[in-house]
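> First the structure, which I've put down as structure tokens, then a few questions once you've had a look.
Each reported figure results from applying straightforward, stated rules to the coordinates on display, with no laboratory input. This is a predicted model, so every value here is computed, not measured. Heads up, the Cβs are rebuilt from the backbone with ideal geometry, glycines too, and the neighbour counts pull from every protein chain shown.
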Amino acid sequence: MNQDRYAFSYEMEVRDYECDMQGIVNNSVYQNYLEHARHQYLKTVGIDFREFTEKGINLVVIRAELDYKYPLRSGDRFAVCLDMVRESSLKFAFHQEILRLPDLKTAVKAKVIGTALNGRGRPELPDELDRLMQVREP
């Protein structure tokens, strides 16, 4: 897999405390990596979580599917790559992959679906958010 095929890529390194007794990254930590990369991507397209929350718009994950392919270990460098696509009028999806560097071995493949909730807690993608996301139709 080539990280250049994705719209966004963010590099990180595994820290010792993220590993379990087997010496590999704990399965729950991969969700942190995926979330951090999504937040970094959204910043690049002008979406600020705090600003949207102050306006009563809450960005939320409503589904996450992860396939664990190969374990990462302490000190491994990796890239979290993603594409963002429109799922429906109220949902968007992040197609993500965690690739070990430099060999680009796939550690995790994920699909994370999100939406925005308005002040009444109902799904709603405001025009401002819709424009900023720059998502592609499926």
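> If amide hydrogens are placed 1.01 Å from N in the peptide plane, which non-local residues have theirs closer than 5 Å to the one on LYS105?
For LYS105, whose amide H was placed from the backbone, the distant partners under 5 Å are ARG100.
> Moving on. Give the peptides 96-108, 37-49 in descending order of average Cβ contacts within 10 Å, highest first.
96-108, 37-49
> Could you give each residue of the range 13-20 its phi-based ³J(HN,Hα) in whole Hz, using Karplus coefficients 6.51, -1.76, 1.60 with θ = phi - 60°, and x for Gly or Pro?
In residue order, the calculated couplings are 9, 5, 9, 3, 6, 8, 9, 8 Hz.
> Determine the relative contact order of the chain: mean sequence separation of Cα pairs under 8 Å and six or more apart, normalised by residue count, in whole percent.
The value is 29 percent.
> Going by amide H atoms built from the backbone, whose H comes under 5 Å of the H on PHE8, apart from near neighbours?
For PHE8, whose amide H was placed from the backbone, the distant partners under 5 Å are LEU82.
> A further question follows. Check the straight Cα-Cα distances from LYS111 and name the aspartates and glutamates below 16 Å, setting aside those fewer than 8 residues away within the same chain.
Reachable aspartates and glutamates: GLU35, GLU65, ASP67, ASP83, GLU87, GLU97, GLU137.
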